[in-house]
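The values are calculated or read from the model by the stated rules, or taken from the named source; none is laboratory data. Just so it is clear, the model here is predicted, and its values are computed rather than measured. In this analysis, Cβ positions are derived from the backbone assuming ideal geometry, glycine residues included, and neighbour counts consider all displayed protein chains.
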Amino acid sequence: MVNVMRGALVEYALALPPLVLVFDFNPQTISRTREITIQTGNAPGTRGGYDFTLPTETPRVAQGVTVQPESFSIQILIDATDRLDEGDPIATVFGIEPELDTLRSMVEPKSQGPGGLQMLSSLGLGGERAFARHESPSVILFVWGTHILPVFLKQVKVDEKAHTPLLVPYRATATLAMQVIEGNNPFYQVEKVRQVIGAAMNTTRTVAMALGGLF
C-alpha cells in the first residue's frame, strides 16, 4: 500500500469555524515560478544590465531589477468514493460539495463582522464582486510536507469527474494557483530560514565532493 501525504489549506482569520480543506497530496508535479523584472532603461553599453567587472559592483549591476513573489500551481484530487462505500451520510447526500464550497468560500471577498469575525461579503455586508475598502481576500496557509506557506488563492479551477444519480459530484480535480505572501510574517520567515539552511547543506556537500575528487 502506497502512503499518500496529506496537505491542507487553512484560512488564517478569525472565523467560526475556520475554513479548512484537507486533501491527499501526492502530485506528480508542482509548478513553482519566480520571475525577475529587469528594467535597465538607457544604461550605456549593455543589453541586459549595467556594465561591471568586480563582484563589488553587483549592487549597481542590479539597479532596476525587481523580484516578483513566488507562485505555485498544483492539482489536487477531491474524492468521496471511499466514504460512499462506507456509507458516510454526508458523502451520500452531498458528495464533495462541502469541499468545493470551502474552496469557493476561500476566494470570496470577506468583511469584518460582529466581534471582528470575518464573513462573506455577499451575506449582507456588501455584495460587490470587486474588493471594496471594507473587504479583503483570505490569507490561506498552504500546508505541504514540512512547508507552511502563507498564500493568496489567485485561481481555483474545478473539473468534476463523476456524479451520483442525483448529479451530486463525488470526484473532482481542482487546479489551484497561489501566490506566496512574502514579507514580515512568521510563516514566511520560517520558510526563508529553512531555505538558507537547505542551500548551505547543498553548498557543503558540493564543496566536499569537489575536495574529495582532488585526493
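Quick look at the values:
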{"quantity": "Residue, nearest to Ile96 (Cα to Cα), within the stretch 49-79, restricted to residues that are of a type outside the set (A, V, I, L, M) and part of a strand (DSSP E or B)", "calculated": "Asp79"}
{"quantity": "Test: residue in the stretch 49-61 that is under 16 Å from Ile140 (Cα atoms) and either among the basic types (Lys, Arg) or at pLDDT 85 or above (or both)", "calculated": "no"}
{"quantity": "Subset of the stretch 123-146 (residues that are loosely packed, with under 15 Cβ neighbours inside 10 Å and at pLDDT 55 or above)", "calculated": "Leu123, Ala132, Arg133, His134, Pro137, Gly145, Thr146"}
{"quantity": "Candidate set from the stretch 82-122 (those that are on the phi > 0 side of the Ramachandran plot and at pLDDT 90 or above); member that is surrounded by the most Cβ atoms within 10 Å (Cβ to Cβ)", "calculated": "Gly95"}
{"quantity": "Matching residues, the stretch 164-214, being more than 26 Å from Ser71 (Cβ to Cβ) and either surrounded by 14 or more Cβ atoms within 10 Å (Cβ to Cβ) or touching a Leu at 6+ places or on another chain (Cβ under 6 Å) (or both)", "calculated": "Thr164, Val168, Pro169, Tyr170, Arg171"}
{"quantity": "The stretch 148-163 residues that are among the basic types (Lys, Arg), paired with ones that are part of a strand (DSSP E or B) (beta carbon under 6 Å, 6 or more apart)", "calculated": "Lys154/Ala177; Lys154/Gln179; Lys157/Thr175; Lys161/Arg171; Lys161/Ala172"}
